[in-house]
1. Does at least one position in the stretch 138-158 carry a residue that is among the charged types (D, E, K, R), in a helix (DSSP H, G or I) and either modelled with pLDDT under 90 or buried (at least 17 other Cβ atoms within 10 Å of the Cβ) (or both)?
2. Is it the case that the stretch 76-91 has a residue that's part of a strand (DSSP E or B), at pLDDT 85 or above and under 21 Å from the mean Cα position of the chain (by Cα)?
3. What do you reckon, is Tyr100 among the aromatic types (Phe, Trp, Tyr), touching a Phe, Trp or Tyr at 6+ places or on another chain (Cβ under 7 Å) and either at pLDDT 95 or above or surrounded by 13 or more Cβ atoms within 10 Å (Cβ to Cβ) (or both)?
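The values are calculated or read from the model by the stated rules, or taken from the named source; none is laboratory data. Keep in mind it's a predicted model, so treat the numbers as computed, not measured. Counting neighbours? That spans all protein chains shown, and the Cβs are built from the backbone with ideal geometry, glycine included.
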Amino acid sequence: MNPTQLVLAIPYNELETLEKRRIVMTTTVADVMTRDPIVVQPDTPLNQVIKILAERRISGLPVVNEAGMVVGVISEADLMWQETGVTPPAYIKILDSVIYLENPARYERELHKALGQTAGEVMTKEPITTSPDYPLHDAAQLMHERQIQRLPVLNDQGRIVGILTRGDIIRFMATQR
């Protein structure tokens, strides 16, 4: 049996499913990402960041330094501390000692975000990033496992060339149905 006969023996709907699976498994981040994303600097005032997010209807932005290197990501979640405030960690006092029941360092980070006035003060530092040639399937899995909404996409020099969001992945999935 030659290869042509073998292909003809597979029902069309199964062949279509195999082709879709091949496309999904060979798709890279570069095929789906949003190119030239909107970025802010660490010294960008929060009111400007909030305005950009609201006007563009996006949920987060990469924060880049003067060299175009990603130094953080600022998201709606980071900005929520501005509105909600921070609850001090629970503790118990025994004699003259204070024993925290929660990590006080977390409280300090949250307080810093609640009081911050610039993107650099509120952003999430050391964001998880990806490269354009990374398989989309693996990037989606990473985003799901780490519960993150976006991945800045960096070139070989470490400069931002795009951003991959959950919305980008959903739009790609819609084209495959």
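1. Restricting attention to the stretch 138-158, the residues satisfying the condition of being among the charged types (D, E, K, R) are 138, 145-146, 150, 156.
If we keep only those that are in a helix (DSSP H, G or I) too, we end up with 138, 145-146.
Next, from what is left, pick out any that are either modelled with pLDDT under 90 or buried (at least 17 other Cβ atoms within 10 Å of the Cβ) (or both): none.
No - not one qualifying residue is present in the stretch 138-158.
2. Of the residues in the stretch 76-91, the ones part of a strand (DSSP E or B) are 91.
Cutting the leftovers down to at pLDDT 85 or above gives us none.
Checked the stretch 76-91: no residue is part of a strand (DSSP E or B), at pLDDT 85 or above and under 21 Å from the mean Cα position of the chain (by Cα).
3. Values: among the aromatic types (Phe, Trp, Tyr): yes; touching a Phe, Trp or Tyr at 6+ places or on another chain (Cβ under 7 Å): yes; either at pLDDT 95 or above or surrounded by 13 or more Cβ atoms within 10 Å (Cβ to Cβ) (or both): yes.
Yes; evaluated as a whole, the condition is true for this residue.
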